[in-house]
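Take a look at the structure set out below.
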Amino acid sequence: MAIKSRDRLLKYLVAPAIIFSFVAGVLPMLYALRNSFYNINVRLPMQTERLIGITNYKIILGNERFQASLRNSIVFSLEGTIGAVLLGLAIALFLYYFLRNKPLLLTGLSTMLLIPALTGRISVAYIWRLLYDPVLGLINHVLGLLGFGTVEFLSNSNIAMQSVVFTDVWQWSGFAALFLYAGLVSIPREYFEEAQVIGASFFQRLRYIIIPNLKGLLLAVFLLKFMISLRNFDLISVMTGGGPGTATETVDMYLYWLAVGGRGLLSRASAGAIIMLVITIVSFMIIINLYQRQKVGE
Amino acid sequence: MSKKQTSGIKWLRKKFSSLLVLLLGVGLFLFVFLPIFYIATMSIKSQSYVVSGEFSLIFFKPSFNAWINTFNNPRIWTGLSLSVRTATISTVIAVILGTMAAYGFSRYKFRGDDDFLFFILTQRMLPPIAIFLPYTLVWQYLDMIGKWYNLLIPYILISLPITTWLMHAYINNIPIELEESARVEGCSQLEVLWRIVLPNSLPGLLMTSMFNFALLWNEYMFALFFRNRTLPVEVGAGIRYVELTPWPTLSAQGVFLMVLPATFAFYLQKRIREQPITF
């Protein structure tokens, strides 16, 4: 009896979040899916809505600017995520090996490392636009002192994307490091003691103790950072505005321009958003599958 | 003699490796610190100093014009009030919904519970543009474009996965025996939640709220698209100067924007380091 009433209460606790996610998340997606088959144009509100089938998908998939923006989104998300997780792991190892027993230094450095992640993308974009600036920038000033020429980090289309990715890595590697540090600390000390007895090198420890024990956490951090990377509009639009040309334009920026800034082709943009949604879900499925497989193996 | 020599080399190696550690540590510190320091000093340089072509990291005559400009700008204050309002209300609602759900998922086994939990988390994976496009039609229809409360639903939507996930990881670590003994002593389920679970998850609640608040405080895209001039939108608008970028003023605004969430760093780093958070 008691158990039953308890169950019912717990059901009521879970329900609101699920209902909200459905109403505010899934229904709009279905609405976007429906819109993608129509010819809605926000510039022409009087135009009658007409079902035009998969025309929008055909047009947008053949659009070179959309393809480029898709490529940019993937490059930004993947490079930024892998970079932040790897650098985060290196920083976590450094903290673990050298600062674990120095609480004051550890706290100070950890606090410093977390600040960029809590800083808004707009501030981060300003910080790095300033640093990269050809005239006022610290980086170009140092390069000048070393005898190098000025590098146009953000207006050279060959390196603009890499410059933006580096900013992203700078912002999130400390955050990743703290998450991974928690995982390192929770690895039983005996493993390391045994490794010491055998005389294992650092890379052997990394390969046989650290990576296997950290696998789940590494994937969780990877996933979390990947989700953060999908929201890149703020950083890139303030740093480069998608430029030079469309060298750093991501899907969000292009579709927004298409739907609101340009000719008001909301339906076509919706088709693009659905394509992006499918790509995102598929890539997350792959990551989650990897994650669960390793969880079963534990 | 030879013995002394090897110990000398050992001594040197030891010194060298501790020097290397020191260098790495300082390098890591500077890697994070220098960019922030640079924008902070830029905000107390005068525009004329900046355009004069002189360059110094520390030795310059400070000018607080940029900060005076920032504080005299009414748009910064309206942006601040809007940001505080939207971020606070959305965080409170998202944390309440998320904590309820997290507790339910943690203690209540039903068919497909993992799938439902995963379903809530997937909301975070939606590309933001896919949320924006349908919402903009609905808001237009309801005449809500530009109204401040049009941000609440998208904000709760993007917060809920994070609050649910963090609280779920946290509540899972509270031993269920505590609750069981309270039940034996005759507490009702609600009393257990109120008296046992909530007090025990207070650090987790604080962490989740801070993290989520920082996230929404910094949100830019929805605010811009739904025509709400929150603080990030006001600050971000400054970059559109074409001729001469007023870097000291922009820097002051950028620093102003980052101060509040940065104060959470000390508390959050401790929480994050304490226990690994997985799914």
When you scan region A:195-208, do you find a residue that is open to solvent by less than 30 Å² (accessible area, probe 1.4 Å), within 22 Å of A:L87 (Cβ to Cβ) and either more than 8 Å from chain B (Cβ to nearest Cβ) or in contact with a Phe, Trp or Tyr (Cβ under 9 Å, 6 or more places away or on another chain) (or both), even just one? no
Filter region B:269-279 for residues that are surrounded by fewer than 24 Cβ atoms within 10 Å (Cβ to Cβ) and in a helix (DSSP H, G or I); the one that is farthest from the other protein chains (Cβ to nearest Cβ) is B:R271
For a quick check of your reading of the model, give me the residue pairs whose first member lies in region A:19-34 and is within 8 Å of chain B (Cβ to nearest Cβ), whose second is of a type in the set (S, T, N, Q) and open to solvent by less than 30 Å² (accessible area, probe 1.4 Å), with beta-carbon atoms closer than 6 Å and at least 6 apart or on different chains. A:S21/B:Q123; A:G25/B:Q123; A:A32/A:S270
Does B:L193 satisfy the criteria of being surrounded by 23 or more Cβ atoms within 10 Å (Cβ to Cβ), within 20 Å of A:L10 (Cα to Cα) and in contact (Cβ under 8 Å) with a residue 60 or more places away in the chain? no
Tell me the helices (runs of 4 or more DSSP H) entirely within region A:204-298 that contain at least 1 residues that are over 28 Å from A:S123 (Cβ atoms). A:211-230, A:266-297
Checking B:G204, B:G236 in turn, the sole residue that is within 7 Å of chain A (Cβ to nearest Cβ) and among the small types (G, A, S) turns out to be B:G236
Output the residues belonging to region B:87-131 that are crowded, with 24+ Cβ neighbours inside 10 Å and more than 13 Å from chain A (Cβ to nearest Cβ). B:T91
Given the criterion out of contact with any Cys (no Cβ under 9 Å at 6 or more places or on another chain), in contact (Cβ under 8 Å) with a residue 24 or more places away in the chain and surrounded by fewer than 20 Cβ atoms within 10 Å (Cβ to Cβ), identify the matching residue among A:L105, A:L113, A:L93. A:L93
Quick one: what pairs do we get from region A:125-145, first residue more than 8 Å from chain B (Cβ to nearest Cβ), second part of a loop (DSSP other than H, G, I, E, B) and among the hydrophobic types (A, V, I, L, M, F, W, C), C-beta under 7 Å, 6+ apart or different chains? A:Y132/A:F153; A:Y132/A:L154; A:N140/A:V151; A:L143/A:V151
Breaking point among (1) among the hydrophobic types (A, V, I, L, M, F, W, C); (2) surrounded by fewer than 19 Cβ atoms within 10 Å (Cβ to Cβ); (3) not in a loop (DSSP other than H, G, I, E, B), for B:L244: (3)
For region A:1-86, please list each of the helices (runs of 4 or more DSSP H) lying entirely inside it that holds at least 1 residues being modelled with pLDDT of 85 or more and more than 15 Å from B:A130 (Cα to Cα). A:2-21, A:55-62
Answer yes or no as to whether B:S106 is part of a loop (DSSP other than H, G, I, E, B), of a type in the set (S, T, N, Q) and touching a residue at least 12 places away in the same chain (Cβ under 8 Å). no
Going residue by residue through region A:74-82, is there one that turns out to be charged (D, E, K, R) and within 12 Å of another protein chain (Cβ to nearest Cβ)? no
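The values are calculated or read from the model by the stated rules, or taken from the named source; none is laboratory data. All of these numbers come straight from a predicted model, not from anything done at the bench. Counting neighbours? That spans all protein chains shown, and the Cβs are built from the backbone with ideal geometry, glycine included. Side chains are part of the model used for accessible areas, which takes the heavy atoms of the whole protein and leaves out ligands, DNA and RNA. Shrake-Rupley method; radii C 1.70, N 1.55, O 1.52, S 1.80 Å.
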